[in-house]
Amino acid sequence: MNLNDIHRGITRHRKPKRLGRGKGSGQGKTAGRGHKGQKARTGWSAPPTFEGGQMPLARRIPKRGFHNPFAPEVATVNLGDLDAAFQPSEEVNPETLRSKRLVRRRYDVLKVLGDGELTKPLRISAHRFSRSALEKIQQAGGQAVVLPGKKPVVKNKQRSAQSSGP
């Protein structure tokens, strides 16, 4: 066998199916679409989630919760990122974070999280701090300043007020 004897395969240039071109073509008359009905018409297509009229999956499964449109937008920044971006004893606040592009989007509340290591003393101003972030800032000899802003939501406020009566 030589290289020029190798079969190139039948799918190299497959001819397209010529639909509706007479009985002899094997795809004549209804062109493989069956008789009448919505699927036989041109332009018909069902949405990918359509289940033939059966109750769709998205409506069968139970729903939980809701999206609160009034919830404050919280931007987060990790201590590891602050350690890499700032020099020792440098001031860290929302303006400097924006200038160093650590926080880009619009937000109501800035929260510092404790991911990564903090090796230098920094004075960090933010609206909220995680417990681990506070511990790491104090261990590094830094300072955490809580900025005034939107207060965290207190759930069951009425219930707690009623239970702590006179």
query = Taking H as built 1.01 Å from N, whose amide H comes closer than 5 Å to the amide H of residue 93, not counting residues under 5 places away?
reply = 125
ask   = What does the charge add up to near residue 141, with Lys and Arg as +1, Asp and Glu as -1, over the other residues with Cβ less than 12 Å from its Cβ?
value = +3
message = If I model segment 28-100 as equal point scatterers sitting on the Cα atoms and use the Debye formula, what is log10 I(q)/I(0) at q = 0.14, 0.25, 0.28 Å⁻¹?
response = -0.74, -1.16, -1.26
request  = Could you work out how far apart the two model spin labels at residue 59 and residue 85 are, taking each label as a point 7 Å from the Cα in the direction of the beta carbon, and quote it in nm?
outcome  = 4.7 nm
task = Specify the residue with the greatest mean-square fluctuation among 33, 59, 104, computed from a Gaussian network of the chain linking alpha-carbon atoms under 10 Å apart.
result = 33
message = Debye calculation, C-alpha points only, no solvent: report log10 I(q)/I(0) for segment 58-117 at q = 0.14, 0.19, 0.23, 0.25 Å⁻¹, in the same order as the q values.
response = -0.52, -0.74, -0.96, -1.08
ask   = Using r as the Cβ-Cβ distance of residue 111 and residue 44, and R0 as 45 Å, what FRET efficiency do you calculate, to the nearest 0.05?
value = 0.30
ask   = For segment 131-146, in order, what is each residue's ³J(HN,Hα) by Karplus, 6.51 cos²θ - 1.76 cosθ + 1.60 with θ = phi - 60°, in whole Hz (x at glycine and Pro)?
value = 4, 5, 5, 4, 4, 5, 5, 5, 5, 7, x, x, 9, 10, 10, 8
request  = Return 132, 99 ranked ascending by Cβ neighbour count within 10 Å, so the fewest neighbours appear first.
outcome  = 99, 132
inquiry  = Using Cα springs under 10 Å in a Gaussian network model of the chain, which residue among 58, 40, 144 shows the largest mean-square fluctuation?
reply    = 40
task = With runs of 4+ DSSP H residues as the only contributors, calculate the mean residue ellipticity of the chain at 222 nm using -39,500 (n - 2.57) per run, divided by the residue total and rounded to the nearest 500.
result = -5000 deg cm²/dmol
note = Which residues qualify? For residue 129, with a placed amide H closer than 5 Å and at least 5 residues away or on another chain, they are 112
query = Considering the alpha-carbon set of the chain alone, what are its Rg and its Dmax in angstrom?
reply = 32.8, 102
query = Which residue fluctuates the most in the chain, going by a Gaussian network model with Cα springs under 10 Å, if the choices are 79, 134, 19?
reply = 19
remark   = The ³J(HN,Hα) series, computed from each phi in segment 93-105 with the Karplus coefficients 6.51, -1.76 and 1.60 at θ = phi - 60°, rounded to the nearest Hz and given as x for glycine or proline, is 9, x, 5, 5, 5, 5, 5, 8, 6, 7, 10, 10, 7
remark   = Between residue 67 and residue 27, the two model label points (7 Å from Cα along the beta-carbon direction) sit apart by a distance in nm of 4.3 nm
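All of the numbers you see were taken from the coordinates with simple rules; none came from a lab. Nothing here was measured: the structure is a model prediction, and the numbers come from that model. As a convention, Cβ positions derive from the backbone with ideal geometry for all residues, glycine included, and neighbour counts pool all protein chains shown.
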